[in-house]
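Q: Have a look at this one.
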Amino acid sequence: MKTVFIRRISGRAARRVGFVCMLVGVLGVVAVQAVGADSDDALADYVIPHEPEGDVNANKAADIVAIDQIWSAYAHYLDSGDAEGVASLFTPTGGYVLGFANRDTGQVEPLGYSPSADGVSGTPGGGCTALGHDAIVNFLHGLGITDTPRKFPSLDKHIVIDRWIHVHGDTATFHAYWLGGNPVVSRGLYNNTFVRTPQGWKAERNEVIFDTNIPTFPCAN
């Protein structure tokens with residue numbers, strides 16, 4: 001298994017970046033293999049795709065642009081506080097699976113905890129998933145994202161960089177780095193999958209991989 005490290009940014013650059021750690025995105029197994037489980041909410045291994053680059057026909061290029069547009073919309077919906085807008089970008093069964101890159105073990109492991117019935121307490125390390133429209137909206141509500149979009153995005157922007165998309169017929173994989181916080185306090189990887197539907201491309205699985213674990217991440221889903 002290969003581990004990808006996020007490049008460091010200078011303190012000056014970090015101060016110029018205004019945004020909170022909004023992680024988000026729920027996209028699938030990006031050229032990945034399941035680790036120890038076959039359920040929909042199982043974390044996937046993070047594997048860098050080794051595919052021929054630079055030879056893209058017009059149809060595939062259009063698909064890549066469409067998928068990239070979806071994730072741009074995702075960031076804007078998040079920063080504008082539009083939970084329904086975010087959920088609309090996913091398939092009916094799609095959503096979030098959160099993990100962290102354990103560089104000691106070389107594994108992607110569950111982030112956060114599984115909440116108890118009161119939605120507050122839970123078991124550290126229990127994992128954090130939100131699959132399906134209602135679960136996505138509820139999960140985002142727990143992060144303070146509402147159903148009343150703001151006119152202007154918040155100052156704590158969601159930044160997604162180095163997007164790397166590969167299309168295979170009616171499915172696609174999406175790798176990218178994300179940064180969050182004001183200044184930057186969190187960063188990680190997207191390990192996502194998209195599918196072509198009658199309504200166009202949709203996000204199927206947004207696997208958000210933090211660089212470090214947050215045992216008490218508020219996963220109220």
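Computed from the coordinates by the stated procedures, all read-outs in this text should not be read as laboratory data. If you're wondering where the values come from, they're calculated on a predicted model, not measured in any experiment. Please note: Cβ atoms are built from the backbone with ideal geometry, for glycine as well, and neighbour counts cover all protein chains shown.
Q: Using the basic label-point model (7 angstrom from Cα toward the beta carbon), what is the GLN69 to THR171 distance in nanometres?
A: Roughly 2.4 nm, to one decimal.
Q: On to the next question. What are the extents of the Cα atoms of segment 127-221 along their three principal axes, in Å, largest first?
A: Taking max minus min along each principal axis of the Cα atoms, segment 127-221 gives 38, 32, 28 Å.
Q: Still on this structure: For a paramagnetic label modelled at 7 Å from the Cα of ASN138 toward its Cβ, which residues of segment 60-87 fall within the zone defined by backbone nitrogen distances under 18 Å?
A: The answer is 83-87.
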